[in-house]
1. Counting only residues that are in contact (Cβ under 8 Å) with a residue 60 or more places away in the chain, assigned to a loop (DSSP other than H, G, I, E, B) and surrounded by fewer than 23 Cβ atoms within 10 Å (Cβ to Cβ), which one in the range 158-196 is nearest to the chain's Cα centre (by Cα)?
2. Read through the list (1) more than 17 Å from residue 141 (Cα to Cα); (2) surrounded by fewer than 19 Cβ atoms within 10 Å (Cβ to Cβ), then give the number of the only condition that residue 61 fails.
3. Restricting attention to the range 239-254, which residues are buried (at least 24 other Cβ atoms within 10 Å of the Cβ) and of a type outside the set (S, T, N, Q)?
4. Pairs, please: C-beta under 7 Å, at least 6 apart or cross-chain, first residue more than 13 Å from residue 188 (Cβ to Cβ) and not assigned by TED's automatic domain parsing to the domain that holds residue 312 and in the range 238-249, second of a type outside the set (A, V, I, L, M, F, W, C) and surrounded by fewer than 24 Cβ atoms within 10 Å (Cβ to Cβ)?
5. Output the number of residues of the range 64-78 satisfying the condition of being surrounded by fewer than 21 Cβ atoms within 10 Å (Cβ to Cβ) and either part of a strand (DSSP E or B) or touching an Asp or Glu at 6+ places or on another chain (Cβ under 8 Å) (or both).
6. Of all residues in the range 153-181, which are at pLDDT 95 or above and of a type in the set (Ser, Thr, Tyr)?
7. Among the residues of the range 111-142, what is the count of those that are modelled with pLDDT of 80 or more and at negative phi?
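The values are calculated or read from the model by the stated rules, or taken from the named source; none is laboratory data. These numbers were taken from a predicted model, which means no experiment stands behind them. Positions of Cβ are generated from backbone atoms using ideal geometry, with glycine treated the same way; all protein chains shown enter the neighbour counts.
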Amino acid sequence: MKKAKLLVLSIMCLGLLLVPQLVNAKEITVENTNKIQDIINDEATEAGDVLLLQDGTYQGDLTINKDLTLKGSDPTKVIIEGGVTISGNVTLENVTVEAAQEQLVDIAGKENGTVNITNCNIRYKDYVENEDYGKAYWTYGIRLSKTANGTTLNVTNSKIDAQYAIWVHGEKNNVTIDQSEVTGWAALDISNGSSAKETANDNVVSVTNSKLIGISYQAVNPTNGYGTIVIGGQTGLELLIQDSEVSNAITTANPLNLIMFGDSYLASSKVTIAIDNSKLINNDKSGNSYVYNYGTEEMASPVSENMIMTTPTTTITAEEGTINAEIAGYINLTLTTFDGSAIMKVPTGLVMPQPEDPNVDGYTFDGWYQDADYKTVFDFTQPLNQDTTIYAKYTKIEETPTPEPTPGQDEEENPSTSDINMPVLLSIGGLSLVGFVITVKKRLDRNHA
């Protein structure tokens with residue numbers, strides 16, 4: 001049986017990348033009467049060293065310009081009051097960073113570096129959960145600045161609370177958020193900023209086993225809306241949301257979309273979003289907020305180069321049924337295979353490439369059809385000009401008795417079906433949906449070259 005292939009977005013499921021530990025690395029115990037910055041600056045503190053922070057409160061602001069680990073016993077017992085600016089390969093583990101100021105963790109000075117945030121709390125000091133961000137305007141929890149392009153950022157088992165909780169403000173970054181809770185006016189802001197004249201390229205962001213929560217905000221402008229996930233000025237962004245929850249907490253009349261293209265940023269193009277086995281929850285009863293908001297046509301354009309795909313195990317809940325803010329140029333394409341359907345946004349007029357055969361154990365695949373009764377074969381040479389569903393047809397293979405294994409025969413000579421057919425990320429009925437989305441995107445790239 002032909003196996004479906006795991007394609008480009010599989011790189012999003014990166015394991016945690018550890019900061020290299022050098023041969024002469026050592027552990028340095030830091031008492032809460034010490035100034036952490038003095039120890040960082042000390043010539044005896046070398047790349048790879050681990051600073052063991054004893055329980056207590058330490059004063060920032062810190063600048064970490066060496067490859068170091070700052071490790072506490074527990075984030076409730078080890079607190080850094082002030083911002084932390086990172087320009088090396090750095091791990092923060094088991095600590096809290098809090099301050100009533102603009103920056104909390106600023107990854108600012110090293111391209112192609114690695115930063116790990118593990119079991120940490122990063123929060124605006126006066127933040128009260130599920131309330132407005134009145135005093136926290138223009139604060140960010142973790143910022144990947146443009147001077148640190150190409151950073152690998154791993155946020156694991158952490159809680160981030162700030163107006164811009166995680167701000168990916170550069171390009172060629174690989175960001176993983178796993179087993180974490182991220183809360184902000186924008187929980188995840190992937191943008192190049194409203195004043196930028198060029199888009200940011202080739203960011204890869206993976207959110208797994210996490211919660212992203214957006215909170216409406218009114219301190220400066222009571223009518224100003226935003227999004228739990230905001231995308232602005234991006235080219236070639238790949239975003240995976242898997243086994244996670246994206247929601248909004250509406251405390252004002254402001255719109256707060258779950259996933260949106262930025263209203264004041266440059267247009268984004270070649271953006272691929274894949275959402276698998278997750279919950280999208282729009283709690284806005286006023287109908288002002290959308291699950292997907294593509295912004296103005298200009299912000300989402302070129303329309304034909306952006307795609308959003310959800311798998312059947314993703315649930316979408318909206319208090320008043322407000323799912324999409326539609327703009328011209330999109331249609332819904334639904335692929336229905338053996339065990340469910342996947343929906344994605346594609347451009348009007350797309351001539352769709354034929355997907356790889358979605359093979360399923362025990363069945364033969366009999367082709368793609370334009371109707372559920374399998375009467376008319378789907379024509380992949382014709383442009384799609386309206387919402388379209390494509391159906392995969394299967395025929396069950398008659399079972400034949402399985403011969404008893406010869407006594408003493410190695411079990412590997414009779415592998416089970418599950419041994420042969422390894423699961424494929426984001427697949428239904430044997431069809432690699434992520435691979436299909438990437439194939440469609442590549443076709444669009446060629447058409448717009």
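1. For the range 158-196, the residue satisfying everything is 193.
2. (1)
3. 239, 240, 241, 246
4. Pairs that qualify, where the first residue is more than 13 Å from residue 188 (Cβ to Cβ) and not assigned by TED's automatic domain parsing to the domain that holds residue 312 and the partner is of a type outside the set (A, V, I, L, M, F, W, C) and surrounded by fewer than 24 Cβ atoms within 10 Å (Cβ to Cβ): there are none.
5. 5
6. 156, 158, 176, 180
7. 17
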